[in-house]
1. For segment 1-67 and segment 75-133, what is the separation of their C-alpha centers, rounded to whole Å?
2. Can you compute the helix-only [θ] at 222 nm over the chain? Use -39500 (n - 2.57) per DSSP H run of at least 4 residues, normalise by all residues, nearest 500 deg cm²/dmol.
3. Report the full-extension gain for the segment MET192 to ASP20: residue separation times 0.36 nm, less the Cα-Cα distance, to one decimal in nm.
4. Might you tell me the accessible area per residue for segment 1-81, computed with a 1.4 Å probe and given in Å²?
5. For the pair HIS46 and HIS103, what calculated FRET efficiency results from E = 1/(1 + (r/R0)^6), where r is the Cβ-Cβ distance and R0 = 25 Å, to the nearest 0.05?
6. What distance in nm lies between label points placed 7 Å from Cα along the C-beta direction at THR199 and LEU9?
7. Could you give each residue of segment 91-100 its phi-based ³J(HN,Hα) in whole Hz, using Karplus coefficients 6.51, -1.76, 1.60 with θ = phi - 60°, and x for Gly or Pro?
8. Hey, got the dipole for the chain? About the Cα centre, +1 on K and R Cβ, -1 on D and E Cβ, debye to the nearest 20?
Amino acid sequence: MKIWPVPCLQDNYAYLLIDDSSGDAAVVDPVEPDRLIQAAEAHGAHIKIVLTTHHHWDHAGGNDKIKTLIPNLKVYGGSKDSVQGQTHQLEDGGEVTLGDSIHIRAMHTPCHTKGHICYFVTDIKGGDPAVFTGDTLFIGGCGRFFEGTPEQMYYSLCEKLASLPARTQVYCGHEYTVKNFAFALEVDPENMFLKRKSTWAKQQQAEKKPTVPSTIGDELETNPFMRVREKSIQDIMKLSDPIEVMGALRRMKDGWKG
């Protein structure tokens, strides 16, 4: 399989996921449909399905338009979310097949929205798996708790997404990496891996290159929101309960002026 990030709006990412053998493609959060269609044409792919992570306009707002441009398009979204243009609802663990070899599993990851879905993707022909995380998991950070609780984000990040293979490629919904790493370094200033990743991200930004993908393994080393069970983070936050640490970190980030 091949995955291509497609920058949209100011800092959003939509994605083109292609099954190599059939040329069938899925698009993830195609808020600007014309860009995704152009990308598919450039790669000789045929868009068959839309995977929507959550109902916010900057992710689901292109669904109705892309349905008018591509006949018989299937638009997937979470069963607990009100996704614009949705034709098929997915429960946690629901599966979708793309082309001859790609399997897509829905993962209900509530908090940013109550029905947020991440999509875990594997190819039976091999290669690293991938996960499209929308606004639940960012590189070095996580989404705001608009419709949920610290307990839900803890579950989504530290139990559900953290259980994926470490090599899983992480494709998130926004290019927030440089600022996320700056905040993470205030929380965890002695993390050398984080320092190196931060320097790399700044160079990518300077060269107008994306910072996606990360990996689940890297996030478990650098992302403070995925490390709330670690004593080093708990000591910094002066809290011992991981869920309390999650809530305190998010409040700290919400008020951060970096």
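1. Comparing the Cα centres of segment 1-67 and segment 75-133, I get a distance of 14 Å.
2. The helix contribution divided over the chain gives -8500 deg cm²/dmol.
3. The span from MET192 to ASP20 would gain 58.1 nm if fully extended.
4. Here the residues of segment 1-81 average 41 Å² of exposed surface.
5. E between HIS103 and HIS46, to the nearest 0.05, is 0.85.
6. Here the modelled spin labels are 3.4 nm apart.
7. 8, 4, x, x, 10, 9, 10, 10, x, 8
8. Around 460 debye, computed over the chain.
The values are calculated or read from the model by the stated rules, or taken from the named source; none is laboratory data. Quick caveat: nothing in here was measured; it's all calculated off a predicted structure. Every residue, glycine as well, gets a Cβ built from its backbone with ideal geometry; the counts of neighbours run over all protein chains shown. Accessible surface is based on the protein model in full, side chains and every heavy atom, while ligands, DNA and RNA are left aside. Shrake-Rupley method; radii C 1.70, N 1.55, O 1.52, S 1.80 Å.
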